[in-house]
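Below is one structure. I have some questions about it.
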Amino acid sequence: MTKLIVGLGNPGIEYELTKHNIGWLALDQLSFCNRLAWKEKFKGEFATYSNDGEQIVFLRPQTFMNLSGESVASAAKFFKVELQDILVIHDELDLPYGTLSFKNGGGLAGHNGLKSIAKIMGGNGFLRLRMGIGRPVHGNVSSWVLSGFHGDEDIVLPSYLKGGADAIESFIAIGFGKAAGKFSKKSYVL
């Protein structure tokens with residue numbers, strides 16, 4: 001059996017350290033990150049990892065957020081991964097900054113990356129690791145998700161990203177249900 005773990009983000013140096021790219025940033029903190037050999041394919045970058053005989057495929061779509069589904073569908077088809085065996089790590093406006101929460105299916109909360117995946121994959125029954133970025137007090141959502149981390153956000157970012165990586169590793173080691181229980185609305189804010 002194969003699992004597909006997708007970190008959402010936007011390609012390009014100008015988006016590298018933005019809230020929208022928190023899925024990519026979390027993947028970079030995996031304890032075995034330096035052992036992953038990333039290759040270009042599936043309109044993205046992918047790497048494989050073996051966990052007790054189970055194949056884990058990591059994917060960073062390079063299509064820009066609103067076309068993420070093209071990359072996910074291509075990788076899922078190639079590796080024969082079912083919808084329910086896909087975990088998507090993404091930024092979440094509806095959770096306070098620094099909060100992690102697993103979710104199984106459900107609404108897409110207007111997230112363009114999730115909407116693209118659901119549309120192309122034919123359903124929203126995939127798993128998610130929601131990484132809270134909060135909502136802007138002033139200004140619009142587009143500017144907010146494409147902004148960087150400032151002040152207190154920046155201070156707690158390393159521990160928050162490490163927490164995201166720990167949640168991903170728990171998902172791999174103990175499965176969705178137990179990982180979801182362990183990381184249910186867990187906060188990394190000081």
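List every residue pair whose Cβ atoms sit under 6 Å apart, with the two residues 6 or more apart in sequence or on different chains, where the first one lies in the stretch 169-190 and is over 20 Å from P158 (Cα atoms) and the second, anywhere, is among the polar types (S, T, N, Q) and not in a helix (DSSP H, G or I).
I172/N51
Only one of F126, F171, F149 is touching a strand residue (DSSP E or B) at 6+ places or on another chain (Cβ under 8 Å) and farther than 23 Å from T63 by Cβ; which?
Sole residue among the options that is touching a strand residue (DSSP E or B) at 6+ places or on another chain (Cβ under 8 Å) and farther than 23 Å from T63 by Cβ: F171.
Pull up the stretch 78-115, narrow it to residues that are aromatic (F, W, Y) and under 20 Å from R135 (Cα atoms), then point me to the one that is farthest from the chain's Cα centre (by Cα).
Checked the stretch 78-115; the qualifying residue farthest from the chain's Cα centre (by Cα) is Y97.
Taking the condition in a strand (DSSP E or B) and touching a helix residue (DSSP H, G or I) at 6+ places or on another chain (Cβ under 8 Å), does V57 pass?
Criteria met by V57.
Spot the failing condition for A73; the list is (1) under 16 Å from K43 (Cα atoms); (2) modelled with pLDDT of 95 or more; (3) within 15 Å of the chain's Cα centre (by Cα); (4) of a type outside the set (V, I, T), and only one is missed.
(3)
Can I ask one more? Of all residues in the stretch 28-86, count the ones that are within 19 Å of M1 (Cα to Cα), surrounded by fewer than 19 Cβ atoms within 10 Å (Cβ to Cβ) and of a type in the set (S, T, N, Q).
Qualifying residue count, the stretch 28-86: 5.
Here are the criteria: (1) closer than 25 Å to G148 by Cβ; (2) assigned to a loop (DSSP other than H, G, I, E, B). Tell me which single one A37 does not satisfy.
Here A37 clears every test but (1).
Confirm whether A47 is at pLDDT 95 or above and in a helix (DSSP H, G or I).
Values: at pLDDT 95 or above: yes; in a helix (DSSP H, G or I): no.
In short, no.
Kindly indicate whether V141 is surrounded by 15 or more Cβ atoms within 10 Å (Cβ to Cβ), touching a Lys or Arg at 6+ places or on another chain (Cβ under 8 Å), at pLDDT below 95 and under 30 Å from Q84 (Cα atoms).
Taking the combined requirement at face value, the residue does not satisfy it.
Related question: Mind listing just one residue for me: the one in the stretch 94-119 that is surrounded by fewer than 18 Cβ atoms within 10 Å (Cβ to Cβ) and aliphatic (A, V, I, L, M) and, of those, modelled with the lowest pLDDT?
Step by step, filter the stretch 94-119, then rank; the result is A109.
Just one of G23, G9 is assigned to a loop (DSSP other than H, G, I, E, B) and either buried (at least 21 other Cβ atoms within 10 Å of the Cβ) or in contact with a helix residue (DSSP H, G or I) (Cβ under 9 Å, 6 or more places away or on another chain) (or both); which is it?
On the way: G23 fails: assigned to a loop (DSSP other than H, G, I, E, B).
When all the criteria are applied, what remains is G9.
The values are calculated or read from the model by the stated rules, or taken from the named source; none is laboratory data. Small disclaimer: the values here were computed from a predicted structure and weren't measured. Because the Cβ atoms are built from the backbone with ideal geometry, glycine has one as well, and the counts that use them run over all protein chains shown.
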